[in-house]
1. Could you work out the helix-only [θ] at 222 nm for the chain, with each DSSP H run of four or more residues adding -39,500 (n - 2.57) and the total divided by the number of residues, to the nearest 500 deg cm²/dmol?
2. First compute the accessible area of the chain with a 1.4 Å probe, then give the percent of it belonging to carbon and sulfur atoms.
3. Expressed in nm to one decimal, what extension gain is obtained for the pair residue 156 and residue 306 from 0.36 nm per residue of sequence separation less their Cα-Cα distance?
4. State, to one decimal in nm², a quarter of the convex hull surface area for the C-alpha atoms of the chain, i.e. the direction-averaged projected area.
5. Give the residue list of chymotrypsin sites (Phe, Trp or Tyr not before Pro) in segment 18-94 that are DSSP loop and have at most 16 other beta-carbon atoms within 10 angstrom.
6. In Å and on Cα atoms, what radius of gyration and Dmax does segment 74-125 show?
7. For the residue pair residue 204 and residue 255, what label-to-label distance in nm results when each label sits 7 Å from Cα along the Cα-to-beta-carbon direction?
8. Take the alpha carbon gyration tensor of segment 249-288, find the square roots of its eigenvalues, order them as a ≥ b ≥ c, and report rounded if a/c is under 1.5; if not, report prolate when a/b exceeds b/c, else oblate.
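The values are calculated or read from the model by the stated rules, or taken from the named source; none is laboratory data. This structure is a prediction, so every number in the text was calculated from the model and none was measured. Here the Cβ positions follow ideal geometry from the backbone for every residue, glycine too, while neighbour counts run over all protein chains shown. Please note that ligands, DNA and RNA were not included when accessible areas were found on the heavy atoms of the full protein model with its side chains. Shrake-Rupley method; radii C 1.70, N 1.55, O 1.52, S 1.80 Å.
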Amino acid sequence: MKTIHLIAPSGASLDIKSPLLGMEWLKQKNIAIQNPECTQRVYERFAGTDEQRLAELNDLPKLGLETVVMVMRGGYGIHRLLPDIHWQAIAKAVQNGLQICGHSDFTAFHLGLLAKTGAVSLSGPMLNYDFGRLDEGGVPIAPDQFMWNHFITAVDDRKLDCSVSAPQDFLGQTNTGLLSGLLWGGNLTVLASLVGTAYLPDQQKTKGGILFLEDVNEHPYRIERMLMQLLDSGILSNQAAMLLGGFSAYRLYDNDKGYSLERAIEAIRKRLPSNIPILTDLPFGHQSNKLTLPVGAAATLEFSPSGFSLAAKW
């Protein structure tokens, strides 16, 4: 990887320092940065007007085909743009070598691209949080080495290989297994918002898939409610397996009286067909130690009560 082209399709940067720190860290790795000015755009809560952000996406096919495109941050904003994105032109550029990486709100782009074209994109690190993160006192935090290693492997070798050692309490009737399927998913809130639209891959495309999910700032009852929506719409029962990543930064309350994220997963486990395993502790989400996951690639999953491994090459 020699060049990263930045885009800011969603929220404006929450501070001035993070994007500058992120760009400086990447430059120290001898990576050229294109389009840095996008990190300074502000229109209301967005990183530019709808027209600016849409044009930035639709200009991606003009980039050099070995370029890695990286999103500045998430927030909200992609949904406004979906009907006017030039999906086929972007997919052609991806098939010729362009790579596009982001997560959170960018889940809508990943899923729209997969639904419309079948092209693979990368659910992975973004500039501000992963390369320019600050602690509560405003002191820079070094990028996570696990994240960096997997990102480099993804963009340079187009490969995913990860093993997770953690007890698996929601496997269902099958304690061990080896399966293959389409790897897809992303942020749960964004994915749920696409149900019933042309930007969520249909059930024929995702049948027997490996669905990964994560979220941030969502109480477990909201997570349960969104998972119930996916269950009742037939999406979850159409999968070969579910992978749950980080569900972070929520707060439990006194009136929860013992209700927790684990109880929410148990409620889904009871209703989900028992032959579909639910696996937890996938290192992915709004957290520093995240994988780079190829949305739309064929993947292999091997699991047992003590953990799982996930692999793909695209």
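1. -7500 deg cm²/dmol
2. 49
3. Between residue 156 and residue 306, full extension yields 50.9 nm more.
4. For the chain, averaging the hull's shadow over all directions gives 15.5 nm².
5. Sparse-neighbourhood loop chymotrypsin sites (Phe, Trp or Tyr not before Pro): 76.
6. Just the Cα atoms of segment 74-125 yield Rg and Dmax of 10.4, 29 Å.
7. Once both label points are built, they end up 4.6 nm from each other.
8. It comes out oblate by the Cα gyration axes.
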